[in-house]
Amino acid sequence: MAQSAGAFVPGHVTGFFSAHQDDDPTKAGSRGAGVAVDEGVVVRLEPGDGLELNGEPATIDAIDRVLDALGATARVIVETDLPLGAGFGVSGAAALGTAFATNAVFGRELSENELVTIAHGSEVQAGTGLGDVVAQARGGFPIRLEPGAPAHGAMDGIPDRRPIEYVNFGELSTAEILTSDTDELTAAGTRALSALVAEPTVETFMAASRRFSREADLLTTPVEEAIRAVSETGGEAAMAMLGETVFALDDGLSEAGYDAERCERVYRGLSQRAAGRAA
């Protein structure tokens, strides 16, 4: 391995989703909608092996699967300021960044869709997500109309660039929820998507997301209280899937008295830095 390469992938907050399993991990996935943000994940490949996350040894199954799929051995360095296990798609971003960086370093000469497919399938097999990868590759306010990787899925988006704020109260296990009975969750996600497709605005997205979290019985007490507090000040807030995190449009959480983190802009797609390389 003579070169190193870096990739930046945006974080992604899902407002609602429906789960669609398949024996083929590239066809499995989710329908739903969310928002990609300018805070994200930086991935670097270096000679060696192993994984480092924010300076500490770590294991991310989706990354191991990406490297195996691309027939590569490397040391993967992952850095992010986003909270872990909080609904920002960190594992998906790490898998996608690894795919792009590996393609650059090892000269695999794969297309963007092929790399997204590898990362998506790897995360599905790892059980850590169903739709973050394809949404992060697109950016903006992505709407996942059909599940799966690019060759199978279909996507649209909301033409808006609103900033968001977020506050995190803890972690939720994505794998635990996705491996449990998801029938009620999927029914709620299907209704939410129908509402958004009929009126593809940010306000409809936020309202559909709030309704989804109630109908899917995912709300926790601090999340419900924060959403209510933002609403009482005239703002728009919802729960991030899947994490004990509340996100709000503009300065909704700050106006409600929360010490919130702010994402200054909506990220509009995968950075070209993903294909960059250095000697």
**Report entry** For the stretch 32-46, Karplus couplings with θ = phi - 60° (6.51, -1.76, 1.60), whole Hz, Gly/Pro x
**Finding:** x, 8, x, 9, 8, 10, 6, 7, x, 10, 9, 10, 10, 10, 9
Report summary line: Hydrodynamic radius by Kirkwood for the stretch 175-220, inverse mean 1/r across distinct Cα pairs, in Å, is 11.0 Å
Query raised in the report: By accessible area of protein heavy atoms, probe 1.4 Å, what ranking do LEU185, LEU219 get, highest first?
Result: LEU219, LEU185
Requested in this report: Please identify, among SER213, SER194, SER18, the residue showing maximal mean-square fluctuation in a Gaussian network model of the chain using a 10 angstrom Cα cutoff.
Outcome: SER194
Query raised in the report: Once amide H atoms are placed 1.01 Å from N in the peptide plane, what residues at a sequence separation of 5 or more from GLU39, or on another chain, have their amide H within under 5 Å of its amide H?
Result: GLY11
Query - Per residue, in Å², the accessible surface of the chain once ligands and nucleic acids are set aside, probe 1.4 Å - result: 41 Å²
Requested in this report: Tally up the carbon and sulfur contribution to the accessible surface of the chain as a whole percent, 1.4 Å probe, everything protein left in place.
Outcome: 44 percent
Report task. List, in order, the whole-Hz ³J(HN,Hα) value for each residue of the stretch 210-219 obtained from phi through the Karplus relation with A = 6.51, B = -1.76, C = 1.60 and θ = phi - 60°; use x for Gly and Pro. Result -> 4, 5, 4, 4, 6, 5, 8, 6, 10, 5
Query raised in the report: Which order do peptides 245-253, 59-67 fall in by mean Cβ count within 10 Å, highest first?
Result: 245-253, 59-67
Report summary line: By the mean-Cβ-within-10 Å protection proxy, highest first, 11-17, 175-181 rank as 11-17, 175-181
Report task. Show the residues, 5+ positions off or on another chain, whose built amide H is closer than 5 Å to the amide H of GLY170. Result -> GLU244
Report summary line: Helix 221-232 sits off the longest principal axis of the Cα atoms of the chain, rounded to the nearest 10 on a 0 to 90 degree scale, by 60 degrees
Query - Cleavage-rule hits, GluC sites (Glu not before Pro), the stretch 58-128, DSSP coil, Cβ neighbours within 10 Å at most 10 - result: GLU109
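The values are calculated or read from the model by the stated rules, or taken from the named source; none is laboratory data. Because the structure is predicted, anything quoted here is derived from the model rather than measured. Please note: Cβ atoms are built from the backbone with ideal geometry, for glycine as well, and neighbour counts cover all protein chains shown. The area values use the complete protein model at the heavy-atom level, side chains included, leaving out ligands, DNA and RNA. Shrake-Rupley method; radii C 1.70, N 1.55, O 1.52, S 1.80 Å.
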